[in-house]
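*Asks:* First, the structure itself, so that you have it in front of you.
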Amino acid sequence: MIGTTTHSPRDALPAPSIQRPRVLYAMLDGERPTAGLLRAFALSRVLEGDVHVLRVLPATQQISPLFPQQGALDALAAVDQAIAAGRETPALVAAVLGDHVLAERILVRVGDFIEHVVASAAELKPELIVMSPQEGHLGVLVTILARATGVPVLVAREAGRRETIIAASDLIAPQYPVLRRAAKLGVHLDAAVVGVHNVRPSNPVPRLESRRETIARVWAELRVDAEAVVTSEDDPIAAILREVEARDADIVVVGTHRRSRFARMVAGSSVASRLVSQAQRSVLVTPFDR
(Lines give C-alpha, C1' and ligand atoms only; values in the text may rest on other atoms or scores of the structure.)
Protein backbone atom coordinates (compact mmCIF):
# COMPACT_ATOMS: atom_id res chain seq x y z
CA MET A 1 0.00 0.00 0.00
CA ILE A 2 1.43 3.39 -1.00
CA GLY A 3 2.58 5.55 1.92
CA THR A 4 3.01 2.69 4.41
CA THR A 5 6.23 1.21 5.74
CA THR A 6 6.58 -2.29 7.05
CA HIS A 7 8.78 -3.08 10.04
CA SER A 8 10.07 -6.45 11.13
CA PRO A 9 9.64 -7.44 14.80
CA ARG A 10 13.40 -6.93 15.22
CA ASP A 11 13.07 -3.31 14.07
CA ALA A 12 10.34 -2.70 16.64
CA LEU A 13 12.49 -3.70 19.61
CA PRO A 14 14.05 -0.80 21.54
CA ALA A 15 17.79 -0.68 21.93
CA PRO A 16 18.85 -2.45 25.11
CA SER A 17 19.61 0.00 27.93
CA ILE A 18 22.79 -0.41 29.90
CA GLN A 19 22.33 0.36 33.60
CA ARG A 20 25.13 2.38 35.09
CA PRO A 21 26.62 1.05 38.31
CA ARG A 22 25.00 2.47 41.42
CA VAL A 23 26.36 3.38 44.84
CA LEU A 24 23.78 3.79 47.61
CA TYR A 25 24.59 6.23 50.42
CA ALA A 26 22.44 5.23 53.43
CA MET A 27 21.86 8.16 55.75
CA LEU A 28 20.51 8.00 59.30
CA ASP A 29 18.29 10.79 60.59
CA GLY A 30 20.22 13.62 62.22
CA GLU A 31 23.33 12.87 60.19
CA ARG A 32 25.14 15.60 58.31
CA PRO A 33 26.51 13.99 55.15
CA THR A 34 30.08 15.06 54.57
CA ALA A 35 33.07 12.71 54.26
CA GLY A 36 30.89 9.61 53.82
CA LEU A 37 28.89 11.16 51.00
CA LEU A 38 32.05 12.45 49.35
CA ARG A 39 33.52 8.93 49.46
CA ALA A 40 30.31 7.47 48.01
CA PHE A 41 30.37 10.00 45.19
CA ALA A 42 34.06 9.40 44.49
CA LEU A 43 33.50 5.64 44.30
CA SER A 44 30.55 6.10 41.95
CA ARG A 45 32.84 8.10 39.66
CA VAL A 46 35.50 5.40 39.80
CA LEU A 47 32.85 2.83 38.86
CA GLU A 48 31.56 5.16 36.14
CA GLY A 49 28.15 5.13 37.78
CA ASP A 50 25.77 7.20 39.91
CA VAL A 51 25.31 7.80 43.60
CA HIS A 52 21.85 7.50 45.17
CA VAL A 53 21.03 8.89 48.62
CA LEU A 54 18.60 7.28 51.06
CA ARG A 55 17.64 9.11 54.27
CA VAL A 56 15.54 7.21 56.80
CA LEU A 57 13.56 9.01 59.50
CA PRO A 58 12.50 7.04 62.59
CA ALA A 59 8.81 6.24 63.00
CA THR A 60 7.99 7.86 66.33
CA GLN A 61 4.20 7.96 66.33
CA GLN A 62 2.26 5.26 68.21
CA ILE A 63 -1.53 5.29 68.22
CA SER A 64 -2.92 4.67 71.70
CA PRO A 65 -6.36 3.03 72.03
CA LEU A 66 -7.05 5.34 74.98
CA PHE A 67 -6.13 8.54 73.13
CA PRO A 68 -6.65 7.93 69.40
CA GLN A 69 -6.86 11.66 68.68
CA GLN A 70 -3.33 12.15 69.97
CA GLY A 71 -2.19 9.29 67.74
CA ALA A 72 -3.75 10.99 64.73
CA LEU A 73 -2.01 14.25 65.62
CA ASP A 74 1.30 12.42 65.96
CA ALA A 75 0.75 10.83 62.56
CA LEU A 76 0.13 14.23 60.99
CA ALA A 77 3.26 15.58 62.67
CA ALA A 78 5.24 12.66 61.22
CA VAL A 79 3.93 13.47 57.75
CA ASP A 80 4.96 17.11 58.17
CA GLN A 81 8.39 15.93 59.35
CA ALA A 82 8.79 13.71 56.28
CA ILE A 83 7.75 16.56 53.97
CA ALA A 84 10.23 18.90 55.64
CA ALA A 85 12.98 16.28 55.36
CA GLY A 86 12.09 15.80 51.70
CA ARG A 87 12.88 19.48 51.15
CA GLU A 88 15.88 19.58 53.45
CA THR A 89 17.74 16.49 52.24
CA PRO A 90 18.46 17.70 48.67
CA ALA A 91 19.88 20.89 50.18
CA LEU A 92 22.12 18.86 52.50
CA VAL A 93 23.36 16.79 49.58
CA ALA A 94 23.86 19.87 47.38
CA ALA A 95 25.92 21.53 50.12
CA VAL A 96 28.41 18.66 49.79
CA LEU A 97 28.20 17.67 46.10
CA GLY A 98 26.66 20.67 44.38
CA ASP A 99 24.29 19.66 41.60
CA HIS A 100 25.97 16.32 40.88
CA VAL A 101 23.05 14.29 42.35
CA LEU A 102 19.69 14.56 40.62
CA ALA A 103 16.61 15.04 42.80
CA GLU A 104 15.12 11.73 41.67
CA ARG A 105 18.14 9.93 43.13
CA ILE A 106 17.42 11.25 46.63
CA LEU A 107 14.94 9.22 48.68
CA VAL A 108 13.43 10.01 52.08
CA ARG A 109 11.63 7.25 53.95
CA VAL A 110 10.05 6.90 57.40
CA GLY A 111 10.34 3.71 59.44
CA ASP A 112 12.88 1.01 60.18
CA PHE A 113 16.35 1.82 58.84
CA ILE A 114 17.34 -1.75 58.01
CA GLU A 115 14.05 -2.51 56.26
CA HIS A 116 14.27 0.56 54.04
CA VAL A 117 17.93 0.00 53.14
CA VAL A 118 17.16 -3.63 52.25
CA ALA A 119 14.17 -2.54 50.12
CA SER A 120 16.16 0.17 48.35
CA ALA A 121 19.03 -2.22 47.68
CA ALA A 122 16.61 -4.74 46.19
CA GLU A 123 15.21 -2.03 43.90
CA LEU A 124 18.42 -0.22 42.93
CA LYS A 125 20.76 -3.24 42.92
CA PRO A 126 23.79 -1.13 43.92
CA GLU A 127 27.38 -2.27 43.63
CA LEU A 128 28.05 -0.80 47.05
CA ILE A 129 26.32 0.69 50.10
CA VAL A 130 28.18 3.47 51.91
CA MET A 131 27.56 4.76 55.43
CA SER A 132 29.21 7.33 57.68
CA PRO A 133 30.56 6.37 61.11
CA GLN A 134 27.98 6.53 63.88
CA GLU A 135 27.96 6.24 67.63
CA GLY A 136 26.63 3.04 69.14
CA HIS A 137 26.48 -0.47 67.74
CA LEU A 138 27.48 0.40 64.18
CA GLY A 139 29.35 -2.87 63.68
CA VAL A 140 26.20 -4.90 64.33
CA LEU A 141 24.10 -2.69 62.04
CA VAL A 142 26.57 -2.84 59.14
CA THR A 143 27.04 -6.60 59.44
CA ILE A 144 23.28 -7.20 59.44
CA LEU A 145 22.84 -4.90 56.42
CA ALA A 146 25.55 -6.67 54.44
CA ARG A 147 24.01 -10.06 55.20
CA ALA A 148 20.44 -8.95 54.49
CA THR A 149 21.14 -7.10 51.23
CA GLY A 150 23.94 -9.26 49.86
CA VAL A 151 25.71 -6.01 48.99
CA PRO A 152 29.12 -4.91 50.37
CA VAL A 153 28.75 -2.12 52.95
CA LEU A 154 31.50 0.47 53.39
CA VAL A 155 31.85 2.50 56.58
CA ALA A 156 33.71 5.54 55.25
CA ARG A 157 36.25 7.02 57.63
CA GLU A 158 39.27 9.26 57.26
CA ALA A 159 41.61 8.02 54.55
CA GLY A 160 45.11 6.83 55.31
CA ARG A 161 48.14 8.52 53.83
CA ARG A 162 48.92 5.47 51.73
CA GLU A 163 46.57 4.03 49.14
CA THR A 164 46.65 0.54 50.61
CA ILE A 165 43.87 -2.00 51.03
CA ILE A 166 44.05 -4.67 53.72
CA ALA A 167 42.15 -7.87 52.85
CA ALA A 168 41.48 -9.60 56.18
CA SER A 169 40.44 -13.15 55.34
CA ASP A 170 39.86 -16.31 57.36
CA LEU A 171 40.44 -18.31 54.12
CA ILE A 172 37.43 -20.51 54.87
CA ALA A 173 35.22 -19.77 51.84
CA PRO A 174 36.60 -21.76 48.88
CA GLN A 175 36.33 -18.88 46.40
CA TYR A 176 38.14 -16.47 48.75
CA PRO A 177 35.59 -13.65 48.24
CA VAL A 178 37.38 -11.17 50.51
CA LEU A 179 40.63 -11.48 48.58
CA ARG A 180 38.74 -11.17 45.29
CA ARG A 181 36.81 -8.11 46.44
CA ALA A 182 39.99 -6.43 47.67
CA ALA A 183 41.81 -7.19 44.42
CA LYS A 184 38.95 -5.74 42.38
CA LEU A 185 38.82 -2.64 44.56
CA GLY A 186 42.57 -2.26 44.30
CA VAL A 187 42.34 -2.19 40.51
CA HIS A 188 39.59 0.45 40.60
CA LEU A 189 41.45 2.65 43.09
CA ASP A 190 44.95 1.89 41.80
CA ALA A 191 45.88 0.91 45.35
CA ALA A 192 48.29 -1.61 46.82
CA VAL A 193 46.64 -4.72 48.29
CA VAL A 194 47.81 -6.80 51.25
CA GLY A 195 46.18 -10.10 52.20
CA VAL A 196 46.23 -10.68 55.97
CA HIS A 197 45.38 -13.93 57.73
CA ASN A 198 45.82 -14.77 61.40
CA VAL A 199 46.73 -18.18 62.78
CA ARG A 200 46.43 -18.70 66.51
CA PRO A 201 49.73 -19.44 68.29
CA SER A 202 48.48 -22.88 69.32
CA ASN A 203 48.56 -24.03 65.67
CA PRO A 204 51.74 -25.64 64.30
CA VAL A 205 54.28 -23.34 62.62
CA PRO A 206 54.06 -25.04 59.17
CA ARG A 207 50.46 -23.86 58.93
CA LEU A 208 51.61 -20.25 58.73
CA GLU A 209 53.61 -20.92 55.59
CA SER A 210 50.81 -22.96 53.98
CA ARG A 211 48.34 -20.11 54.56
CA ARG A 212 50.81 -17.61 53.13
CA GLU A 213 51.14 -19.83 50.06
CA THR A 214 47.34 -19.96 49.74
CA ILE A 215 47.06 -16.17 49.67
CA ALA A 216 49.94 -15.90 47.19
CA ARG A 217 48.27 -18.49 44.95
CA VAL A 218 45.01 -16.53 44.90
CA TRP A 219 46.87 -13.34 44.01
CA ALA A 220 48.60 -15.18 41.17
CA GLU A 221 45.27 -16.53 39.86
CA LEU A 222 43.80 -13.02 39.96
CA ARG A 223 46.93 -11.63 38.30
CA VAL A 224 47.46 -8.93 40.88
CA ASP A 225 50.74 -7.84 42.40
CA ALA A 226 49.84 -8.06 46.09
CA GLU A 227 51.41 -9.10 49.37
CA ALA A 228 50.59 -12.03 51.63
CA VAL A 229 50.94 -11.63 55.39
CA VAL A 230 50.20 -14.31 57.99
CA THR A 231 50.24 -13.31 61.65
CA SER A 232 50.09 -15.44 64.79
CA GLU A 233 48.17 -13.80 67.63
CA ASP A 234 45.41 -14.85 70.01
CA ASP A 235 43.22 -11.92 68.95
CA PRO A 236 42.77 -11.66 65.15
CA ILE A 237 41.30 -8.15 65.50
CA ALA A 238 44.45 -6.88 67.16
CA ALA A 239 46.58 -8.54 64.47
CA ILE A 240 44.59 -6.94 61.65
CA LEU A 241 44.52 -3.49 63.23
CA ARG A 242 48.26 -3.65 63.89
CA GLU A 243 48.84 -4.31 60.19
CA VAL A 244 46.50 -1.46 59.25
CA GLU A 245 48.36 0.93 61.52
CA ALA A 246 51.80 -0.20 60.36
CA ARG A 247 50.90 0.43 56.73
CA ASP A 248 48.62 3.44 57.37
CA ALA A 249 46.11 1.63 55.15
CA ASP A 250 43.04 3.31 53.70
CA ILE A 251 40.48 0.49 53.63
CA VAL A 252 40.07 -2.85 55.40
CA VAL A 253 38.04 -5.48 53.52
CA VAL A 254 36.49 -8.19 55.69
CA GLY A 255 33.85 -10.86 55.05
CA THR A 256 30.66 -11.96 56.74
CA HIS A 257 28.74 -15.19 56.16
CA ARG A 258 25.24 -14.47 54.85
CA ARG A 259 23.51 -17.68 55.82
CA SER A 260 24.25 -17.77 59.50
CA ARG A 261 21.34 -19.47 61.26
CA PHE A 262 21.53 -16.99 64.13
CA ALA A 263 22.69 -14.01 62.04
CA ARG A 264 21.43 -11.22 64.30
CA MET A 265 22.50 -12.97 67.50
CA VAL A 266 26.12 -13.51 66.43
CA ALA A 267 26.53 -10.29 64.43
CA GLY A 268 27.94 -8.37 67.38
CA SER A 269 30.63 -10.97 68.10
CA SER A 270 31.81 -11.39 64.50
CA VAL A 271 35.21 -10.24 63.28
CA ALA A 272 33.50 -7.95 60.76
CA SER A 273 31.39 -6.24 63.43
CA ARG A 274 34.33 -5.78 65.78
CA LEU A 275 36.52 -4.35 63.01
CA VAL A 276 33.84 -1.82 62.05
CA SER A 277 33.58 -0.73 65.67
CA GLN A 278 37.31 -0.59 66.46
CA ALA A 279 39.06 0.43 63.24
CA GLN A 280 40.05 4.04 62.65
CA ARG A 281 39.97 3.54 58.87
CA SER A 282 37.23 2.67 56.42
CA VAL A 283 35.94 -0.91 56.60
CA LEU A 284 34.23 -2.72 53.73
CA VAL A 285 32.06 -5.64 54.93
CA THR A 286 31.67 -8.16 52.12
CA PRO A 287 28.83 -10.72 52.40
CA PHE A 288 29.28 -14.20 50.97
CA ASP A 289 27.80 -17.69 51.12
CA ARG A 290 29.83 -20.65 52.22
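*Asks:* Could you please give the count of residues in segment 114-132 that are surrounded by fewer than 19 Cβ atoms within 10 Å (Cβ to Cβ) and touching a residue at least 60 places away in the same chain (Cβ under 8 Å)?
*Replies:* Here the count works out to 2.
*Asks:* Can you go through 55, 32 and tell me which one is modelled with pLDDT of 55 or more, assigned by TED's automatic domain parsing to the domain that holds residue 111 and touching a strand residue (DSSP E or B) at 6+ places or on another chain (Cβ under 8 Å)?
*Replies:* Of the residues listed, the single one that is modelled with pLDDT of 55 or more, assigned by TED's automatic domain parsing to the domain that holds residue 111 and touching a strand residue (DSSP E or B) at 6+ places or on another chain (Cβ under 8 Å) is 55.
*Asks:* Residues 154, 171, 141: which one is over 15 Å from residue 42 (Cβ atoms), crowded, with 20+ Cβ neighbours inside 10 Å, touching a residue at least 12 places away in the same chain (Cβ under 8 Å) and out of contact with any Phe, Trp or Tyr (no Cβ under 6 Å at 6 or more places or on another chain)?
*Replies:* So the residue among 154, 171, 141 that is over 15 Å from residue 42 (Cβ atoms), crowded, with 20+ Cβ neighbours inside 10 Å, touching a residue at least 12 places away in the same chain (Cβ under 8 Å) and out of contact with any Phe, Trp or Tyr (no Cβ under 6 Å at 6 or more places or on another chain) is 141.
*Asks:* For a quick check of your reading: which strands (runs of 3 or more DSSP E) sit entirely within segment 82-164 and have at least 3 residues that are of a type in the set (D, E, K, R)?
*Replies:* Passing ranges: none, list empty.
*Asks:* Here is a follow-up. Give segment 168-215 a look and list any residue that's touching a Gly at 6+ places or on another chain (Cβ under 9 Å) and either of a type in the set (Asp, Glu) or not assigned by TED's automatic domain parsing to the domain that holds residue 230 (or both), or say none.
*Replies:* 170
*Asks:* So, one more: Could you please tell me which pairs satisfy a Cβ distance under 7 Å, a separation of 6+ or placement on different chains, a first residue in segment 238-258 that is over 16 Å from residue 162 (Cβ atoms), and a second residue that is among the charged types (D, E, K, R)?
*Replies:* Partner pairs satisfying both residue conditions: 239/233; 256/147; 257/290; 258/147; 258/289.
*Asks:* A follow-up question, please. Out of the residues in segment 242-263 that are assigned to a loop (DSSP other than H, G, I, E, B) and loosely packed, with under 14 Cβ neighbours inside 10 Å, which is modelled with the highest pLDDT?
*Replies:* Only one residue fits best here, namely 248.
*Asks:* Starting from segment 275-290, keep only residues that are among the small types (Gly, Ala, Ser), then list their pairs with residues that are part of a strand (DSSP E or B) whose Cβ atoms are within a distance under 8 Å, requiring at least 6 positions of separation or different chains.
*Replies:* Partner pairs satisfying both residue conditions: 279/252; 282/154; 282/155; 282/251; 282/252.
*Asks:* Go through segment 127-181 residue by residue and tally those that are in contact with a Pro (Cβ under 8 Å, 6 or more places away or on another chain) and more than 28 Å from residue 228 (Cα to Cα).
*Replies:* Of the residues in that region, 2 qualify.
*Asks:* Since residue 229 meets every condition but one in (1) assigned to a helix (DSSP H, G or I); (2) in contact with an Asp or Glu (Cβ under 7 Å, 6 or more places away or on another chain), which condition does it not meet?
*Replies:* Unmet condition: (1).
*Asks:* Identify, by number, the condition in (1) in a helix (DSSP H, G or I); (2) farther than 21 Å from residue 279 by Cβ; (3) more than 16 Å from the chain's Cα centre (by Cα) that residue 239 doesn't meet.
*Replies:* Among (1) in a helix (DSSP H, G or I); (2) farther than 21 Å from residue 279 by Cβ; (3) more than 16 Å from the chain's Cα centre (by Cα), residue 239 violates only (2).
*Asks:* With the condition kept exactly as written, say whether any residue in segment 189-209 is in a helix (DSSP H, G or I), in contact (Cβ under 8 Å) with a residue 24 or more places away in the chain and within 21 Å of residue 281 (Cα to Cα).
*Replies:* Yes, segment 189-209 contains a residue that is in a helix (DSSP H, G or I), in contact (Cβ under 8 Å) with a residue 24 or more places away in the chain and within 21 Å of residue 281 (Cα to Cα).
*Asks:* Now, a different point. Of the numbered conditions (1) surrounded by 13 or more Cβ atoms within 10 Å (Cβ to Cβ); (2) out of contact with any helix residue (DSSP H, G or I) (no Cβ under 8 Å at 6 or more places or on another chain); (3) at pLDDT 95 or above, residue 221 fails exactly one; give the number of that condition.
*Replies:* Just one mismatch for residue 221, condition (1).
The values are calculated or read from the model by the stated rules, or taken from the named source; none is laboratory data. Quick caveat, the model's predicted, so the values are computed rather than measured. In this analysis, Cβ positions are derived from the backbone assuming ideal geometry, glycine residues included, and neighbour counts consider all displayed protein chains.
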